[in-house]
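A.B. asks: Sharing a structure with you now.
The values are calculated or read from the model by the stated rules, or taken from the named source; none is laboratory data. Note that the structure is a prediction, hence the values are computed from the model and not measured. Cβ placement follows ideal geometry from the backbone for every residue including glycine, while neighbour counts extend to all protein chains displayed. Keep in mind that these areas ignore ligands, DNA and RNA; they rest on the heavy atoms of the full protein, side chains included. Shrake-Rupley method; radii C 1.70, N 1.55, O 1.52, S 1.80 Å.
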Amino acid sequence: YFNLADEAWKSNDDGWGLYLMGDQNAVGVAKGSIPTVQEVLGLTDPTGSPVTTPTGSPVTTPTGAPVITPKSVFGTDNVGKYSFWKSYRGIGFSVSGGSNSPGDYGGNHARIQDGLNKVVSNGYNMVRTWGTGAWSDLVCEHIISNSLDIKLQAGIWIDNANKGRYQAEFDSAMVSVMRYSELYLGVSIGNEQEYSIGVPKLLEMVQYMKQKYPHVPVTYNFLQNTLNDPDFAPVFAAMDYVNVNVYPGYFGNLANNAWTPTVQLNALKAYNPTEVPNGMPIVLGETGWQSSSPDTQRTIPSTKYLIEYYSLATHYLYGETDNTVFASGFYFNLADEAWKSNDDGWGLYLMGDQNAVGVAKGSIPTVQEVLGLTDPTGSPVTTPTG
């Protein structure tokens, strides 16, 4: 909008400002009761209360009609259907992580853009995050400004340390989710912390979200065995869809050189959750293989096996009719994060630096190449060699 303040030098073309010109110390006073953008749009504040005018009246359009506020997200009417997920292919997106912490590269625009470009070039159209706020806002802004075909599953980190303030954590994250509502599939309210949080508290958290944000889909990234635990059945039933992180047998076979990607794929195919309600979509929240680890006791990590398992899991998840469990999924992970120490090495790409994600770990086939799909002209997709 033109302009913040008047400028007398413009003579006959002056007077556009919301504020008078003022002097060397400050811009002048407002030209009457100027509503804020939030008041005009009728957005809600972090507590969920409607924003009102300074008098306390509800904000209306110039005709007097109430302003309609965004309450739903892209995934609202979709994520509860298995059929919806079949066109989505996902990968973990935590490129803010560096050598010292998961937020080392939190404000690096070039790195975010490079990471998103790699998401698209590898054939993915959805990502999941482990936190939602300023950094995920930057991710959304880059997606919008570059017209990228990417949707997000928001992540909120809740563990035993901060479960007592989960409401504030949720409300803060939801400001970002609603700001970019057209990009979000749903909200995962935690990751692998369900046993330290406990069933009563986790159910309370789900119910809080469903009551305060009833049109925003809610999920959680559970440990693989939890989906067979009847104690959690009420939690599953209260959700819109379920995420589960499955590394079948991997951590129990870190020094077993007979544990190969094919063996692990067969274990993934044998995964049989029993406590999720029939018809509720189950999304594979994580699966993967390390290319390396500083832990010398882990003998099975290798780049060769990472590429092999990535290809096998991708084909099973999106291209095989015998996948009757997972609606879709997120491969773990796009890039390495050195701060994870012994638990690093999962990325398809090396960590890189503040300007870009690192190079690929060998010849990583795209999702389209793994599946043998055709391009928009109908021609078969080929590998870089033809």
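A.B. asks: Determine whether region 207-220 contains at least one residue that is of a type in the set (A, V, I, L, M, F, W, C), in a helix (DSSP H, G or I) and within 20 Å of Y271 (Cα to Cα).
C.D. replies: Step one: list which residues in region 207-220 are of a type in the set (A, V, I, L, M, F, W, C), which gives 209, 216, 218.
Next, from what is left, pick out any that are in a helix (DSSP H, G or I): 209.
Retained after the next criterion (residues that are within 20 Å of Y271 (Cα to Cα)): none.
The answer is no; no qualifying residue exists.
A.B. asks: Hey, any hits in region 270-288 for a residue that's in contact with an Asp or Glu (Cβ under 6 Å, 6 or more places away or on another chain) and touching a residue at least 40 places away in the same chain (Cβ under 8 Å)?
C.D. replies: No: zero hits.
A.B. asks: Assuming N225 fulfils every condition listed in (1) open to solvent by 10 Å² or more (accessible area, probe 1.4 Å); (2) in contact with a helix residue (DSSP H, G or I) (Cβ under 8 Å, 6 or more places away or on another chain); (3) not in a loop (DSSP other than H, G, I, E, B) apart from one, which condition is it?
C.D. replies: Condition (2) is where N225 drops out.
A.B. asks: For the condition surrounded by fewer than 20 Cβ atoms within 10 Å (Cβ to Cβ) and of a type in the set (F, W, Y), what is the one hit in Y305, Y309?
C.D. replies: Unique residue meeting the criteria: Y305.
A.B. asks: Right, S181: open to solvent by 10 Å² or more (accessible area, probe 1.4 Å) and polar (S, T, N, Q) or not?
C.D. replies: yes
A.B. asks: Can you confirm whether region 253-263 contains a residue that is aliphatic (A, V, I, L, M) and surrounded by 21 or more Cβ atoms within 10 Å (Cβ to Cβ)? Break it down stepwise before answering.
C.D. replies: Of region 253-263, the ones aliphatic (A, V, I, L, M) are 254-255, 258, 263.
Now drop any that are not surrounded by 21 or more Cβ atoms within 10 Å (Cβ to Cβ), which leaves none.
No - not one qualifying residue is present in region 253-263.
A.B. asks: Let me ask something additional. R298 fails exactly one of the following numbered conditions: (1) under 22 Å from P217 (Cα atoms); (2) part of a loop (DSSP other than H, G, I, E, B). What is the number of that condition?
C.D. replies: Of the numbered conditions (1) under 22 Å from P217 (Cα atoms); (2) part of a loop (DSSP other than H, G, I, E, B), the odd one out for R298 is (1).
A.B. asks: Given V187, V206, V216, V199, which one is over 22 Å from C140 (Cβ atoms) and open to solvent by less than 10 Å² (accessible area, probe 1.4 Å)?
C.D. replies: That would be V206, the only listed residue that is over 22 Å from C140 (Cβ atoms) and open to solvent by less than 10 Å² (accessible area, probe 1.4 Å).
A.B. asks: Report the residue count in region 313-371 for those that are of a type in the set (G, A, S) and without any contact (Cβ under 8 Å) to a residue 60 or more places away in the chain. Please lay out each step first, then the result.
C.D. replies: First pass over region 313-371, keeping only residues of a type in the set (G, A, S): 313, 319, 327-329, 335, 338, 341, 345, 347, 352, 356, 358, 360, 362-363.
With the extra rule that they be without any contact (Cβ under 8 Å) to a residue 60 or more places away in the chain, the set shrinks to 313, 319, 341, 345, 347, 358, 360, 362-363.
Going through region 313-371 one residue at a time, the tally reaches 9.
A.B. asks: A further question follows. Within the bounds of region 122-129, is there any residue that is over 19 Å from D344 (Cα atoms) and without any contact (Cβ under 8 Å) to a residue 12 or more places away in the chain?
C.D. replies: Checked region 122-129: no residue is over 19 Å from D344 (Cα atoms) and without any contact (Cβ under 8 Å) to a residue 12 or more places away in the chain.
A.B. asks: Please go through region 320-366 and pick out each residue that is farther than 16 Å from G97 by Cβ and either part of a helix (DSSP H, G or I) or charged (D, E, K, R) (or both).
C.D. replies: Once the filter is applied, which keeps residues that are farther than 16 Å from G97 by Cβ and either part of a helix (DSSP H, G or I) or charged (D, E, K, R) (or both), region 320-366 yields E320, D322, K361.
A.B. asks: Do the conditions hold for A237, that is, is it part of a loop (DSSP other than H, G, I, E, B), open to solvent by 50 Å² or more (accessible area, probe 1.4 Å) and out of contact with any Asp or Glu (no Cβ under 8 Å at 6 or more places or on another chain)?
C.D. replies: No, not satisfied.
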